[in-house]
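A.B. asks: Below is the structure I would like to discuss, written out as structure tokens.
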Amino acid sequence: MQLFRLFTALLISLFIVSGPWTSPAAMAAPIATLPGLQGVFTGTPSTDIGLHDTQLSGCPASPNCVSSNAASDDGEHYIAPLAYTAGQDAVKAQLVAILQNQPRTKIVEQTDDYIRVEFTSRLMGFVDDTEFYFLPDGHTIVMRSAARLGESDLGVNRRRLEQFRLALQSLGA
């Protein structure tokens, strides 16, 4: 019971220190995992990340992944690709700027038509691998985002990609 009280007190103090009133500079601060947990939940990137015959990999059976390459009737994994009307270079620059403004985000790989990003959760340090592939059609970006560890991501990957969709739309992409 004392361990539960200690853990509860720790969580409350973390919320007070890092609540919604925290400055933007503090939000961009290094990952603030619980003491002793730094690196425990990072996992390793999947071996199938990247382009394979001009396609992103599919999702595993677990619900912690969304992909534009999943079957459109797979409501758990499918996410619509991003459509854009502006030039590919302009849209890519906007997407990179959006990604660079996200806390605890690292652009790992970037080519003319592909971007791979790692997002790290603030509290526990979980890492999600996200990919964007600009199709040769000049107006579509297929996406994939998956948690490295665990069974469920509680919808985080889907919400994140939908936020990027809205951000690009608001910028006129």
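A.B. asks: Collect the residues in the stretch 130-142 that are surrounded by fewer than 21 Cβ atoms within 10 Å (Cβ to Cβ) and in contact (Cβ under 8 Å) with a residue 12 or more places away in the chain, keeping them in residue-number order.
C.D. replies: Answer for the stretch 130-142, where residues must be surrounded by fewer than 21 Cβ atoms within 10 Å (Cβ to Cβ) and in contact (Cβ under 8 Å) with a residue 12 or more places away in the chain: Leu135, Pro136, Gly138, His139, Thr140, Val142.
A.B. asks: Could you list, in sequence order, all residues of the stretch 143-159 that are open to solvent by less than 40 Å² (accessible area, probe 1.4 Å) and either in contact with a His (Cβ under 6 Å, 6 or more places away or on another chain) or not hydrophobic (A, V, I, L, M, F, W, C) (or both)?
C.D. replies: Residues satisfying the conditions are Arg144, Ser145, Asp153, Gly155, Asn157.
A.B. asks: What about Asp48, is it under 15 Å from Arg116 (Cβ atoms), modelled with pLDDT of 75 or more, out of contact with any Cys (no Cβ under 7 Å at 6 or more places or on another chain) and assigned to a loop (DSSP other than H, G, I, E, B)?
C.D. replies: Here the answer is yes, as Asp48 does meet what is asked.
A.B. asks: I need the full set of residues from the stretch 74-97 which are surrounded by fewer than 17 Cβ atoms within 10 Å (Cβ to Cβ) and not in a strand (DSSP E or B), in order please.
C.D. replies: Hits for the stretch 74-97 are Asp74, Gly75, Glu76, Ala80, Thr85, Ala86, Gly87, Asp89, Ala90, Ala93, Val96, Ala97.
A.B. asks: So, one more: Taking Gly125 and the conditions (1) modelled with pLDDT of 95 or more; (2) of a type outside the set (Asp, Glu); (3) under 21 Å from Pro63 (Cβ atoms); (4) open to solvent by less than 10 Å² (accessible area, probe 1.4 Å), which numbered condition does it fall short on, given that it satisfies the others?
C.D. replies: (1)
The values are calculated or read from the model by the stated rules, or taken from the named source; none is laboratory data. None of these values were measured; they are calculated from a predicted model. Neighbour counts are summed over all protein chains in view; Cβ atoms, including those assigned to glycine, are modelled from backbone coordinates with ideal geometry. When the accessible area is computed, the model is the full protein with side chains, heavy atoms only, and any ligands, DNA or RNA have been set aside. Shrake-Rupley method; radii C 1.70, N 1.55, O 1.52, S 1.80 Å.
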